[in-house]
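The block underneath contains the structure these notes are about, expressed in structure tokens.
The values are calculated or read from the model by the stated rules, or taken from the named source; none is laboratory data. Bear in mind that the values here come from a model prediction, so they are computed numbers and not experimental data. Ideal geometry is used to build each Cβ from the backbone, glycine not excepted, and the neighbour counts take in all protein chains shown.
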Amino acid sequence: MTRISSICCIGAGYVGGPTMAVIAKKCSHIKVTVVDLNEARIAAWNDTDVNNIPVYEPGLSDVVAEARGRNLFFSTNVDDAIAEADMVFISVNTPTKTYGAGKGQGADLKWIELCARQIARVSTSNKIIVEKSTLPVRTAEAVRDILQNTGNGVKFQVLSNPEFLAEGTAVEDLFEPDRVLIGGDETEEGKEAIQALVDVYANWIPRERILTTNVWSSELSKLVANAFLAQRISSINAISELCEKTEANVNEVARAIGTDSRIGPKFLKASVGFGGSCFQKDILNLVYISRSFGLKEVADYWEQVIIMNDHQKKRFALNIVKSLYNTVSGKKIAFLGWAFKKDTNDTRESAAIYVADELLNEQAQIRVYDPKVEEGQIYGDLNYLHTRSAEENKENVAVFSDPYEACKDAHAIAVLTEWDEFRDYDWQRIYDSMLKPAKIFDGRNILDVEKLKAIGFKVQSIGM
């Protein structure tokens with residue numbers, strides 16, 4: 001039986017950092033080392049003030065504070081950490097390809113391959129390799145092929161252990177997950193490797209919640225889980241547009257269908273659209289895989305989820321233009337929220353980026369406030385689109401540390417993230433500081449519409 005005493009995780013981002021911190025907290029007998037080539041990121045994880053760690057998640061700083069220096073370490077010394085470890089997690093970015101075959105849909109696996117080659121190069125003892133990144137089906141085969149052809153006599157077992165974390169509740173999800181999924185080979189060696197990882201999680205997770213499959217089922221299950229969740233969001237958002245035309249209320253429709261036990265209430269919240277690192281990327285990956293196997297109808301079906309999400313973001317932006325007398329040129333639009341959801345500083349694929357881009361195309365002046373997202377990240381997100389120059393973005397987008405200043409003299413407010421603090425603002429003060437008629441476009445349906453209307457605001461919500 002393989003007993004794990006040392007774990008290395010390659011990648012100190014939104015998955016690797018929190019996951020390893022919780023493993024270290026729950027498994028004090030295991031040394032956990034998180035490595036990354038990004039020196040600034042590792043320095044932030046090692047900051048003496050744990051409130052400055054690079055990933056914002058409720059409760060995460062406390063977990064890091066308890067384990068860091070005891071059995072949790074963050075380092076840029078990748079080779080040594082890999083060489084020492086019994087088990088190596090690969091938790092690096094797998095973005096959608098921006099070049100070549102599969103551009104715009106397939107996953108770019110260059111970082112995965114580089115990790116596999118580095119592991120093969122420095123390993124002098126047998127290791128279990130764990131795919132933590134979200135990957136296309138049969139990526140494990142490519143990783144295994146690289147590892148097993150190094151000629152150095154080291155034996156490797158490759159497992160798939162996809163994450164099912166929701167940003168904003170990641171620590172809670174790690175402490176009490178619905179399930180942990182582990183896929184591996186059905187050989188004796190494969191089963192032993194699976195059991196070794198099961199034993200790690202079993203330190204705090206009931207055995208009945210730890211599911212084991214073959215490696216291919218595990219890889220595909222991650223993509224399918226995200227596709228199903230995103231599908232529900234696009235479905236209710238499609239209905240929100242119909243509600244606006246028929247004077248139905250999307251919240252009432254969602255409540256009515258959500259009480260059906262076959263459907264359930266989760267992920268039926270109408271909004272400006274989903275974001276984050278996983279949903280769009282994983283669905284596009286599913287589309288690409290389906291097309292590569294000639295499954296056109298399957299690919300078209302899942303692609304429609306993305307099409308609907310893009311439509312919802314554009315529709316929201318164009319509704320702002322229409323409501324402001326068909327022009328926002330030179331007008332100040334205050335954005336409350338830039339993160340893709342509350343309780344995270346992650347902005348990847350955030351709806352705010354694309355709504356801002358549409359309004360900037362209409363020559364609007366954007367004023368942004370988000371309680372956790374840094375100014376540089378906001379400009380970086382807009383610059384990444386390459387729609388306009390960095391200088392133009394700097395000229396037309398202002399970032400504020402005070403929400404009241406962001407809203408001052410604005411023609412309209414757009415709520416793009418569902419931060420709880422937005423509900424409790426002094427909305428009378430905000431109304432008094434705005435140009436009239438003062439308009440609010442609630443892209444998350446979180447505000448008290450009747451209270452705002454009583455103050456004098458003109459309010460438009462999604463699906464009402």
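Here is how the numbers come out for the structure above:
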quantity	calculated
Unmet criterion (only one of (1) touching an Asp or Glu at 6+ places or on another chain (Cβ under 6 Å); (2) within 30 Å of K341 (Cα to Cα)) for V122	(2)
Residues that are at pLDDT 95 or above and among the hydroxyl-bearing types (S, T, Y), drawn from region 283-336	Y301, S323, Y325, T327, S329
Residue count, region 292-317 (criterion: of a type in the set (A, V, I, L, M) and under 19 Å from E349 (Cα atoms))	5
Extreme residue, farthest from F316 (Cα to Cα), among residues of region 214-225 that are out of contact with any Ser or Thr (no Cβ under 6 Å at 6 or more places or on another chain) and without any contact (Cβ under 8 Å) to a residue 60 or more places away in the chain	N214
Number of the exception - L211 against (1) free of Cβ contacts under 8 Å to residues at least 40 places away in the same chain; (2) of a type in the set (A, V, I, L, M, F, W, C); (3) closer than 30 Å to K103 by Cβ	(3)
Some residue of region 352-362 being among the hydroxyl-bearing types (S, T, Y), in contact with a Gly (Cβ under 6 Å, 6 or more places away or on another chain), modelled with pLDDT of 95 or more and under 25 Å from R232 (Cα atoms)	no
Any pair with Cβ under 6 angstrom, 6 or more apart, that starts in region 298-311 at a residue that is under 15 Å from V224 (Cβ atoms) and ends at one that is among the hydroxyl-bearing types (S, T, Y)	V298/S290; A299/S290; V305/S234
Residues that are surrounded by fewer than 19 Cβ atoms within 10 Å (Cβ to Cβ) and of a type in the set (S, T, N, Q), drawn from region 302-323	Q304, N319, S323
Subset of region 175-195 (residues that are buried (at least 20 other Cβ atoms within 10 Å of the Cβ) and touching a Lys or Arg at 6+ places or on another chain (Cβ under 9 Å))	V180, L181, G184
Subset of region 84-111 [over 25 Å from T2 (Cα atoms) and among the aliphatic types (A, V, I, L, M)]	V92, A101, A107, L109
Residue list for region 31-58, restricted to those being under 22 Å from T347 (Cα atoms) and crowded, with 16+ Cβ neighbours inside 10 Å	D36, R41, I42, A44, W45, V50, I53, P54, V55, Y56, E57
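Conditions tested, residue by residue: (1) under 18 Å from the mean Cα position of the chain (by Cα); (2) crowded, with 22+ Cβ neighbours inside 10 Å.
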site	(1), (2)
S261	no, no
G264	no, no
A270	no, yes
S277	yes, no
